[in-house]
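Below is one structure, written out as structure tokens; the observations come after it.
No value in this document is a laboratory result; all are computed from the given coordinates. Given the structure is predicted, the values throughout are model-derived calculations rather than measurements. Note that each Cβ is placed from the backbone with ideal geometry, even for glycine, and that neighbours are counted across all protein chains shown.
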Amino acid sequence: MATATAPLATQLEELSSDEILRYSRHLILPEVALEGQQRLKASRVLLIGAGGLGSPLALYLAAAGVGTIGLVDFDVVDVTNLQRQIVHGSKDVGRPKLESARDRLKDLNPHVHVEGFETRLTSENALEIMRDYDIVIDGTDNFATRYLTNDACVLLGKPNVYGSIYRFEGQSSVFATEDGPCYRCLYPEPPPPGLVPSCAEGGVLGVLPGIIGSLQANEALKLALGIGESLSGRLLLFDALSTEFSEVTLRRDPNCPVCGDAPTITEYIDYVEFCSGRPTPA
Amino acid sequence: MTTVRIPPTLRAETGGERQVPAAGDTVRELLDDLMSRFPGLRTQLVEDEELATFVNVYVGGEDVRMLAGLDTPVEHGSTVILLPAMAGGV
């Protein structure tokens with residue numbers, strides 16, 4: 001696999017002496033080294049959601065030296081978030097998650113540039129928000145935003161690092177790479193509303209987003225560095241109760257409505273309507 | 001017998017069981033056996049006598065839609081995974 005998403009080595013920005021010290025455990029890895037660290041600094045990663053999955057994602061990507069981290073979230077920190085959303089603290093309850101996360105990330109690594117989008121991702125703003133990023137990470141909590149994120153990544157040609165959690169189980173994959181499947185190859189349509197409960201209804205073990213979000217961070221870093229083998233074409237399943245990982249094979253569906261050979265979705269649709277269970281006009 | 005892994009979103013229908021044994025030589029027979037014992041699963045798995053579009057079934061880690069669909073043979077002793085879409089993230 002793996003062409004790195006960042007520019008050619010000759011165009012990469014130098015690291016400061018502080019950065020060279022900070023990233024020394026990366027720099028001694030031959031797979032990363034100076035050029036890899038410069039690639040991370042040049043990379044731009046967008047997180048959709050600064051909650052359960054977004055917390056470990058943002059922290060590890062910032063710590064690793066991803067140069068620009070975009071955050072899309074419009075929520076405020078609630079005390080019930082703190083059981084798992086570790087980027088926020090007790091003092092942040094009532095603050096917008098973007099402000100809270102930005103403060104924590106800047107404290108963790110002042111070299112990282114944090115761009116905030118205090119809005120819901122919509123069909124109208126998706127292109128504008130996602131256009132300048134290399135990698136998009138799906139850490140959302142609803143089907144409408146997941147389908148929108150997927151379709152936007154396919155239409156814009158950006159990899160979509162996917163993660164999802166419920167109770168004691170989680171899953172992760174990488175969608176919309178050049179030859180790989182997308183989320184719609186896996187599930188062309190969402191389930192009828194009400195059939196699948198949310199974490200707010202069903203609960204979630206606090207550490208679970210930490211595990212799945214860290215796996216997503218790993219995939220994003222490998223994509224940015226152009227190393228290893230990505231989860232594209234595989235759906236990784238994790239069961240926290242039995243501590244078991246398993247995986248199933250995913251294939252690009254030639255009949256996929258968005259990434260197939262003759263796509264029927266070539267622009268953004270109304271995703272709230274699409275996930276409402278009412279028939280949508282073709 | 002085949003072991004069928006029940007995803008967390010469907011466990012209310014199987015009395016909380018995380019995996020249940022089922023009998024059958026094909027995915028169709030297996031699901032019929034399962035749904036006869038746990039009738040609440042039917043609306044969650046089947047639409048118009050076909051596998052619902054929001055559910056995937058894996059035999060040996062492969063999506064049965066890429067194999068022979070509901071007619072995909074299932075070897076005794078193998079594990080079948082039911083996987084409906086899930087959206088949680090926060």
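Some notes on this structure:
- Rounded if a/c under 1.5, otherwise prolate or oblate - segment A:1-155, Cα gyration tensor axes: oblate
- Note on the protein assembly as shown: helix-only mean residue ellipticity at 222 nm, from DSSP H runs of 4+ residues weighted -39500 (n - 2.57) and normalised by residue number, equals -8000 deg cm²/dmol.
- Remark: segment B:2-84 carries a charge dipole of roughly 420 debye about the Cα centre, counting +1 on each Lys and Arg Cβ and -1 on each Asp and Glu Cβ.
- Backbone amide hydrogens, once placed in the peptide plane, bring residue B:4 within less than 5 Å of B:20, B:22, B:80, excluding anything fewer than 5 places away on its chain.
- Reach of residue A:97 by Cα under 17 Å, taken over aspartates and glutamates that are not fewer than 8 positions away in the same chain: A:73, A:75, A:78, A:107, A:115, A:118, A:138, A:141
- Shape of segment A:113-254, Cα gyration tensor, a/c cut at 1.5: rounded
- Each of A:214, A:193, A:162 was scored by the projection of its Cα onto the charge dipole of chain A, and the greatest displacement toward the positive side belongs to A:214; charges sit on the C-beta of Lys, Arg, Asp and Glu.
- Peptide B:53-66 has a mean of 4 when you count, residue by residue, the C-beta atoms of other protein chains within 10 Å of its C-beta.
- Lysines whose Cα lies under 23 Å from that of residue A:91, excluding same-chain neighbours fewer than 8 positions away: A:106
- Placing unit charges on the Cβ atoms only, positive for Lys and Arg and negative for Asp and Glu, gives segment A:114-168 a dipole magnitude near 260 debye about its Cα centre.
- Simple rule: put +1 on each Lys or Arg Cβ and -1 on each Asp or Glu Cβ in chain B, find the dipole, and look at B:19, B:31, B:3; the Cα lying farthest toward the positive end is B:19.
- Fraction of antiparallel bridges per DSSP, segment A:23-274 only, in percent to nearest 5: 50
- About the Cα centre, charge dipole magnitude for chain A (Lys/Arg +1, Asp/Glu -1 at Cβ), debye: 400
- Under 13 Å of direct C-alpha separation, and excluding same-chain neighbours fewer than eight residues apart, residue A:41 reaches these aspartates and glutamates: A:13, A:14, A:19, A:134.
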